[in-house]
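What follows is one structure encoded as structure tokens, with my remarks underneath.
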Amino acid sequence: MANVIVVAGAGVSGLTSALLLSKNKDNVVTVVAKHMPGDYDIEYASPWAGANVLPMASEENSRWERRTWPELKRLTEDVPEAGIHFQKARVFRRKKDESAPGVHVADPLFSANPWYQSVLPDYRELGPNEVIPGHDSGCEFTSLCINTAIYLPWLVGQCLKNGVVFKRAVLTDIRDAKGLSHTGLPARIIVNATALGSLKLGGVKDETMMPARGQVVVVRNEYHPMIATSGTDDGATEMTYIMTRAAGGGTILGGTYDVGNWESVPDPNVAVRIMKRAVDVAPGLTGGKGIEELSVIRQGVGLRPYRRDGVRIEAEEVEGGDGEAKLIVVHNYGHAGWGYQGSYGCAERVVELVEGIVRG
Ligand code: FAD
């Protein structure tokens, strides 16, 4: 008998979960979502991401990122139409950020001797003459950058090829997904990949979910390598990073990491500071000139789905709500700023949980 599964959410978490689940022909998968690839909306984080791989987890929580890298690497090498390219990444550290509360949104990235040096290729500490002014040390490694405008539709295409059916729906309760399988049969398993939606979604209402607002400026100017710095002098919520997307996707200048801020409109003052910092750390972006040489494609704001206690990936039995059999909800939400770089590791866990449920 087929396993009727409904995945709620069509961001990178829902799509990757649907893709891996659909590889097993016993699974019949429907994806339902308020927003789909092609939409740009403040309630939909995935299109706004850079997206690159700059590991953020501590070593004990590194499973998701460790398990994702080999698959993203394979796609970059063998599947050009996925819209990913390899890029060197340079990470610069300032001693003063080590003890500055709130500045470090991603401490392990800036550790000396980080766990990821054995995962990401070509890791090396930079020599003193390679460290940019105002910074004390740095490292370099091979990473990659995903053009999300290509990659998300590519994921949809891979799912369609495996028989996944997509539907628009706005859920008020996660249990409503039970009746939305394209088969007409009641779903036995629901995957909850609704990210920030889980804050208000009936049957979940996870009040530890909150936005980590990220403001970016996307420009036509190109720059290599990708850059991230450990802090700025513009306040605890501001960051500096630069990444040029694959296949003409523009260069993302970031940014901010502002937990609890729901504002959807870009702040023009923040945008100017982002551009100034970018030109400071990477003068080559504008040929040594000022921010007036940046050719802006757009400004944007995305809300990273931040969860106070970290990502939630677990199975939960919930009442069917109609006197019928209980439903199993497999949660996969709360990825904050690492949804892409952890996507395959998390989706692989979703598959393990679903297989465990099916086996009884
Ligand atoms: P989302 O993309 O938000 O998708 C949620 C889905 O659930 C949507 O389809 C939505 O419509 C649906 N949904 C929600 N509620 C309901 C409902 N009630 N009914 C029906 N559907 C519903 N990550 C990286 O790995 N690398 C990066 O470099 C990176 N850079 C980033 C830069 C910025 C500026 C931002 C904002 C994020 C960045 N991220 C990065 C983080 C990444 O974007 C997120 O972790 C990831 O997109 C989360 O994906 P998701 O599928 O869980 O959520």
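Couple of notes before you dig in:
- Bridging of K276 to lysines at a Cα separation below 17 Å is possible for K289, once same-chain residues fewer than 8 apart are set aside.
- Between 0 and 90°, nearest 10: helix 63-78 axis offset from the chain longest Cα axis: 80 degrees
- With Cα atoms, 0 to 90° folded angle of helix 268-281 axis to the chain main axis: 60 degrees
- Inter-part distance where the stretch 22-51 and the stretch 217-269 are each reduced to a Cα centre, Å: 23 Å
- With only the Cα atoms considered, the stretch 192-320 has a convex hull volume of 138 Å³ per residue.
- Cross-link partners of K25 among aspartates and glutamates (Cα-Cα below 19 Å; sequence separation of 8 or more within a chain): E348, E352, E355
- Around the amide H of V259, modelled in the peptide plane, lie the amide H atoms of R213, all under 5 Å away and 5 or more residues distant in sequence or on another chain.
- Residue-averaged 222 nm ellipticity for the chain, from DSSP H runs of 4+ at -39500 (n - 2.57), nearest 500: -6500 deg cm²/dmol
- Antiparallel bridge percentage (DSSP; both residues within the chain; nearest 5): 65 percent
- Residues whose placed amide H lies under 5 Å from that of Y241, excluding near-sequence neighbours: G254, G255
- Taking a straight line from the alpha carbon of K178, these lysines sit under 17 Å away, with near neighbours fewer than eight places off in the same chain left out: K34, K167, K326.
- Placed amide H near S137: partners under 5 Å, 5+ positions off or other chain: R93
- Karplus (6.51, -1.76, 1.60) ³J(HN,Hα), θ = phi - 60°, over the stretch 81-91, in Hz, Gly and Pro reported as x: 6, 6, x, 10, 9, 6, 9, 5, 10, 10, 10
- Annotation for R308 and E352: the two label points, set 7 Å from Cα along the Cα-Cβ direction, are 2.7 nm apart.
Throughout, read-outs are computed from the coordinates displayed, never taken from laboratory work. Computed from a predicted structure; not experimentally measured. Using ideal geometry, Cβ is built from the backbone for each residue, glycine included, and neighbour counts are taken over all protein chains shown.
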